[in-house]
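K.L.:
There's a structure below that I have some questions on.
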Amino acid sequence: MILHPPTTATTEVVLAQLEARLHGRLLRPADADYDGARRLWNGMIDRRPAAIVQCTGAADVTETVKFARQHGLLVTVRGRGHNIAGTAIADDALMIDLSLMNEVWVDPDERVAIVQPGANWGDVDRETQVFGLATPSGIVSTTGIAGLTLGGGFGWLSRQYGFTSDNLLSVDLVTADGEFLTASETENADLFWGLRGGGGNFGIVTSFRYRLHAVGPIVMAGLRLYPMDQADAVLRFYRDFSANAPDELGTLAVLRMAPAAPFLPKEIHGQPVVGIAVCYAGSVEDGERVVQPLKAFGTPVSDGISPKPYTQHQTLLDSGVPAGRHYYWKSEYLAGISDESIATLVHHAPQMTSPLTSVLLFQLGGAIRRFPEDASAASHRDAAYVLNIQSSWLDATEAGRHVAWTREFWAAVRPLAMGGVYVNFVGEDEGAERVKAAYDTEKLQRLAALKAQYDPTNFFRVNQNIQPAR
Ligand SMILES: Cc1cc2nc3c(=O)[nH]c(=O)nc-3n(C[C@H](O)[C@H](O)[C@H](O)COP(=O)(O)OP(=O)(O)OC[C@H]3O[C@@H](n4cnc5c(N)ncnc54)[C@H](O)[C@@H]3O)c2cc1C
C-alpha cells in the first residue's frame, strides 16, 4: 500500500500512530519544513512523499521499519540525497530521512571511525583529520557516506587503500523485519559481503565503522588547467602520466567551462578548459617529486597543485556541483585511454550544451585491483578509469537539449568502454538491465540469494534493486 491520497483521514490516523512512536519529527506535506526536506541534490527529481520521518537514532529507524511493514507502506531511505537517480524518494511513499543522524566518532589509537548514515564526507574528513587520519571517500565533500559506501565507493585515496567499502570494518543495520544486526567479516559475514557494493537492498545501516589511515594533514594536491583547444595533447599526456603513477597518487582529467571558483583566475572564468587534478597520499616531498612531470608539462592557464590541507583538497570540486541544479549523467568504465577514446572526448566535450556541464575521467586501479574480485559485492575492480559525462543546467525547460547531448556523447563512448557500470552512477532512466550490468552473473546470483534471505518481500525496493531469488 502507498499512502495515497496523502490528505485522507485514514492516512492521517496512520501517520499519527507512527509519529507517537518517534523521537524525531514526522513531516507532512502541509508542514513548513516538508518542501526543504524532500529536496535532493539533483533538482531534476521533484517527488512528493506522503510523509518524511526524520530519524534521530536507530530506535526511530527500527520503529519506522516495523510500522511500515505492519501497515504495508512503501518506504524509501535517504542518506544525504546525492544519488543521481533520486532513489531516496518516491511519490506517496514514506521517506526515512537519516540526515539528522550525522555524528562521527574517531578512535585515533585504533585508527577507527564510527559514522552515522546521515553524515557526508566533509563531516568525516573534519573529525578524522584532527588526527591526520582519513579513509577513501568520494571526491565531493557534500556526498553522503551511506549510499557511497554501500555502492562500493572510490575517491582520491582509493588507488592506495581500495574502495571505501574495502575499508569498512562493520555496520549496524535494521533489516526488513525490524531486526537489529551487526555485520562484519566475523558476524553475518555473508550479509557483510553483500552490503559492500550491493547498495541499500538489505536493510538500513545505522552506523558504519571504517578503518583509517595516516593521510596529511598537508598533501601535495590540486588542479592544473589548460585551454580546451589543447585537449588532445593534455589527454595524451594524462594517459602516460596516470599509467605510470604510483598508487599513492589519485588522478583525474576534467573537461568543462572554468567555473567562477575563487581558486581560479578571473580571466578564465567561463572559458573552456581541460585539466588534470591530483592528490598524493604520501609525504609532501615525495608528492612534489611524483607530480614534477605534470608541473613541467605545457603552459597552464592556472596551476593550483601545491601543498595544502587534505580537507581543502577534498572540497576542490564542490563548487562545480552544488545541490539543486538539474543533473543528468552517463557513465562508463574504460580499460585504458585509447586513441579513439581521446578522439571521442576531444570531439564531443567542446560541444557541451551547458556552461555548467563537466566531463570527468577518474583513475581507478592500484589497491582497488589488488583486492580479489570476489572480496565483496563491489564490482569491476579491473577497470582502469571511470568516465562521467555530467550535464548540469538551471532551467528545467532546457532539459531536452542537454539530455540529448549527453546521450549522443555516451553512444559514441559505449563501443570503446568495458560494458559494466558503477551502481552509484546508474541514472533514473536506465532500468533494471543497467543495474544488472553493475555486477557479474555470479555476484548477481549471490546478491539475489542474500536478498531472498534478508528481504524476501523486497521491502527495500526503491533503490538500484536486486530482486530476491525465487
Ligand atoms: C556530486 C557527486 C559526487 C559524487 N562523487 C562520487 C565519488 O567520488 N565516488 C563515488 O564512489 N561516488 C560518488 N558519487 C555517487 C555517490 O556514491 C551516490 O550518489 C550515493 O548514492 C550518495 O550517497 P547518499 O547517501 O547521499 O545517497 P542518497 O541519495 O541519500 O541514497 C541513495 C540510496 O542509497 C541507499 N541508502 C542511503 N542511505 C542508506 C542507509 N543508511 N542504509 C541503507 N541504504 C541506504 C538507499 O537505497 C538510497 O536510495 C557522487 C555523487 C554526486 C552527486
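The values are calculated or read from the model by the stated rules, or taken from the named source; none is laboratory data. Here the structure is a predicted model, which is why all the values come from computation and not from measurement. Cβ placement follows ideal geometry from the backbone for every residue including glycine, while neighbour counts extend to all protein chains displayed.
K.L.:
Take the conditions near the ligand (Cβ under 10 Å from one of its atoms), buried (at least 24 other Cβ atoms within 10 Å of the Cβ) and in the same structural domain as Gln70 (by TED's automatic domain parsing) and apply them to Ala146. Does it pass?
P.N.:
Against the criterion (near the ligand (Cβ under 10 Å from one of its atoms), buried (at least 24 other Cβ atoms within 10 Å of the Cβ) and in the same structural domain as Gln70 (by TED's automatic domain parsing)), Ala146 does not qualify.
Results for (1) within 12 Å of the ligand (Cβ to nearest atom); (2) aromatic (Phe, Trp, Tyr); (3) outside the structural domain of Ala88 (by TED's automatic domain parsing), shown as yes or no for each residue.
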{"position": "Ala134", "(1), (2), (3)": "no, no, yes"}
{"position": "Tyr161", "(1), (2), (3)": "no, yes, yes"}
{"position": "Leu168", "(1), (2), (3)": "no, no, yes"}
{"position": "Val174", "(1), (2), (3)": "yes, no, yes"}
{"position": "Asp177", "(1), (2), (3)": "no, no, yes"}
{"position": "Thr186", "(1), (2), (3)": "no, no, yes"}
{"position": "Gly200", "(1), (2), (3)": "yes, no, yes"}
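K.L.:
Among the residues of the range 407-421, what is the count of those that are outside any helix (DSSP H, G or I) and surrounded by fewer than 22 Cβ atoms within 10 Å (Cβ to Cβ)?
P.N.:
4
K.L.:
Restricted to the range 1-38, and to residues that are of a type in the set (Asp, Glu) and closer than 19 Å to Lys66 by Cα, which residue is modelled with the lowest pLDDT?
P.N.:
Checking each candidate, the answer is Glu12.
K.L.:
Now for a different question. Which ones in the range 439-470 are closer than 18 Å to Pro372 by Cβ and within 15 Å of the ligand (Cβ to nearest atom)?
P.N.:
Residue satisfying the conditions is Leu447 alone.
K.L.:
While we're here: What are the pairs, 6+ residues apart or on separate chains, where a residue within the range 281-293 that is within 16 Å of Val215 (Cβ to Cβ) has its Cβ under 6 Å from a residue that is of a type in the set (Val, Ile, Thr) and surrounded by fewer than 19 Cβ atoms within 10 Å (Cβ to Cβ)?
P.N.:
Correct list of pairs: Val284/Ile218.
K.L.:
Continuing with this model, one more query. Cβ-Cβ distance below 9 Å, separation of 6 or more or different chains: which pairs start in the range 216-231 with a residue that is on the phi > 0 side of the Ramachandran plot and end on one that is crowded, with 22+ Cβ neighbours inside 10 Å and assigned to a strand (DSSP E or B)?
P.N.:
Going by the 9 Å Cβ cut-off, the qualifying pairs are Gly216/Leu133; Gly216/Ala134; Gly222/Ala277; Gly222/Val278; Gly222/Cys279.
K.L.:
Something else: Against the condition under 23 Å from the mean Cα position of the chain (by Cα), of a type in the set (Gly, Ala, Ser) and assigned to a helix (DSSP H, G or I), how does Ala432 come out, does it pass?
P.N.:
Judged against the criteria, Ala432 is a match.
K.L.:
May I ask you to verify whether Ala253 is among the aliphatic types (A, V, I, L, M) and either assigned to a loop (DSSP other than H, G, I, E, B) or in contact (Cβ under 8 Å) with a residue 60 or more places away in the chain (or both)?
P.N.:
Yes, satisfied.
For every residue, the table says whether it meets (1) touching a Lys or Arg at 6+ places or on another chain (Cβ under 8 Å); (2) in contact (Cβ under 8 Å) with a residue 40 or more places away in the chain; (3) of a type in the set (Lys, Arg); (4) within 16 Å of the ligand (Cβ to nearest atom).
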site: Arg38; (1), (2), (3), (4): yes, yes, yes, yes
site: Arg47; (1), (2), (3), (4): yes, yes, yes, yes
site: Ala90; (1), (2), (3), (4): yes, yes, no, yes
site: Leu98; (1), (2), (3), (4): yes, yes, no, yes
site: Glu110; (1), (2), (3), (4): no, no, no, no
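K.L.:
Next question, about the same structure. Could you please find all residues in the range 48-76 being closer than 25 Å to Phe208 by Cβ and of a type in the set (A, V, I, L, M)?
P.N.:
Scanning the range 48-76 gives Ile52, Val53, Ala58, Ala59, Val61, Val65, Ala68, Val75.
K.L.:
Shifting gears a bit: Anything in the range 193-239 that is surrounded by fewer than 24 Cβ atoms within 10 Å (Cβ to Cβ), touching an Asp or Glu at 6+ places or on another chain (Cβ under 9 Å) and of a type in the set (Val, Ile, Thr)? List them, or say none.
P.N.:
Answer for the range 193-239, where residues must be surrounded by fewer than 24 Cβ atoms within 10 Å (Cβ to Cβ), touching an Asp or Glu at 6+ places or on another chain (Cβ under 9 Å) and of a type in the set (Val, Ile, Thr): just Thr206.
K.L.:
May I ask you to verify whether Thr457 is modelled with pLDDT of 95 or more and among the β-branched types (Val, Ile, Thr)?
P.N.:
The answer is yes for Thr457.
Per-residue answers, yes or no, for (1) in contact with a helix residue (DSSP H, G or I) (Cβ under 8 Å, 6 or more places away or on another chain); (2) farther than 30 Å from Asp60 by Cβ; (3) not aromatic (Phe, Trp, Tyr):
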| residue | (1), (2), (3) |
| --- | --- |
| Ile145 | yes, no, yes |
| Arg159 | yes, yes, yes |
| Val171 | yes, no, yes |
| Glu187 | no, no, yes |
| Pro217 | yes, yes, yes |
| Ala253 | yes, yes, yes |
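K.L.:
Here's a follow-up. Taking into account only those residues within the range 422-438 that are touching a residue at least 60 places away in the same chain (Cβ under 8 Å) and surrounded by 16 or more Cβ atoms within 10 Å (Cβ to Cβ), which is farthest from the ligand (Cβ to nearest atom)?
P.N.:
The selected residue is Glu430.
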